[in-house]
Each structure stands twice: as C-alpha cells, then as structure tokens.
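Read-outs throughout are calculated quantities, based only on the coordinates presented, and are distinct from any laboratory measurement. The shown structure was predicted, so the numbers you read here are calculated from the model rather than taken from an experiment. Every residue, glycine as well, gets a Cβ built from its backbone with ideal geometry; the counts of neighbours run over all protein chains shown.
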Amino acid sequence: MLVVLTLVIVGVDKKLVSSGKNPGPPPTPTPTATTPRPTPSASTFQPTSGDLTLESLIPADVSANGSCTPVHTPAFGATAEMHCAGAPNIPPGYVQYYLFGSTGSMNAAYSTFVANFARTSKNTGRCHQVSGTSAFRTFSPCETQFSIGSTAEGRVAEYFYKGTPDISCVFSVDKVLVDMQGSDGTALIRWWDHSPHWINS
C-alpha cells in the first residue's frame, strides 16, 4: 500500500526579520506520515460461489471483451445473476443468466417470465424446436418443452418484448434460466438452436 509522506516546513517568522532580530536558521523539516489512502476500486463486490459457477457456464463468445457483469442482488429468487451485453459477432444484443438453488425456484422464475414478459402460458402457440429458420419464424408468443437429441433439457418461450424478438428458456440440468434478445429474430433462433452457443454444460 502506498504511504504518502507530507513534508511540514516551518518558515521564518517575518515579524522577527522586520524587527532586525536574527531568527536563526530555519528548523529542519520533519516528515510526517499521513493516513494511508485506500487504493481506488471500481467495486467492492466479492463474487460468491454461485457467481463463479454461473460464470463458468457462460460461453466465451458471450462473455467476450468483458461483456458480462454480475448483479449484486439477484432477482426472481436466483442465487446468482449475470448480465451480458455488447459481445461482438453474436446475434443477441444481450443475454441474461440466472442461477437457482433448486428446480422449484427456477420453474417459478420461468413462470414469471412466461406470464409477465411473454404474456402467454405453457404449451401455447405454434412453437416447436426445429433447426434453422422454421423454428419460431413469426415470434408470436408461444411456449414448449425443448430437447437436445433425445434428451428433454428444459422449456422455452419465444415472443416479442417491447417490439423486439426475445427468447426465455430454462436449462434444467444446471438450474439456469437464460433470457436473450436480438433485433433479427431468424438469426436469434438459429443461434439459440445450437445450445453450446449460450451454455457450457
């Protein structure tokens, strides 16, 4: 830690000089240590084990250029939350991650997204997982289960949020909810349709 030293210099008394008296040599300056100033820090936030777990699940392309920031007080009952925005070369303008301590709390948060943001309900709309542009072509609100290969991995809702294509999904094995938004719905669904783009698992 840097300690700043301040030199306190006692000057000659001008009144003594003007009276003709010899003030004598000035006293030797005496260094006095000031209270050390703490090193400036951008944040005192200390990552939790949940933050570190969630960070490990985020692919490098999503977190490129330091685009991901932990949220100090996670929302929707999550134990950790990460907001990622501005990464180059990926279709979403942002991707948000929420890690949960239980499947129940994850499902409750997902239900909130489906009801309040997608404004739809489970198993509603013509929504199904198809590789390529056939999937979610219209981005009309819909919700369904999705699988990777023959394994059911979670649920997904696609919808317009404030006029922009949005996908919210849960990846059950890791108890993670992922929400992403991008201006090009076709590019967004093509990107989401390959899960390693948005989750390390």
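Couple of notes before you dig in:
- Annotation for residue 85 and residue 124: the two label points, set 7 Å from Cα along the Cα-Cβ direction, are 2.7 nm apart.
- With N the number of residues in region 49-197, Rg(Cα) / (2.2 N^0.38 Å) evaluates to 0.96.
- For the peptides 171-181, 85-95, the ranking by packing is 171-181, 85-95, with the highest mean count of neighbouring Cβ atoms within 10 Å listed first.
- Spacing of the two label points (7 Å from each Cα toward its C-beta) at residue 108 and residue 184, in nm: 4.0
- Within-9-Å neighbourhood charge of residue 159 [Cβ basis; K, R +1; D, E -1]: -2
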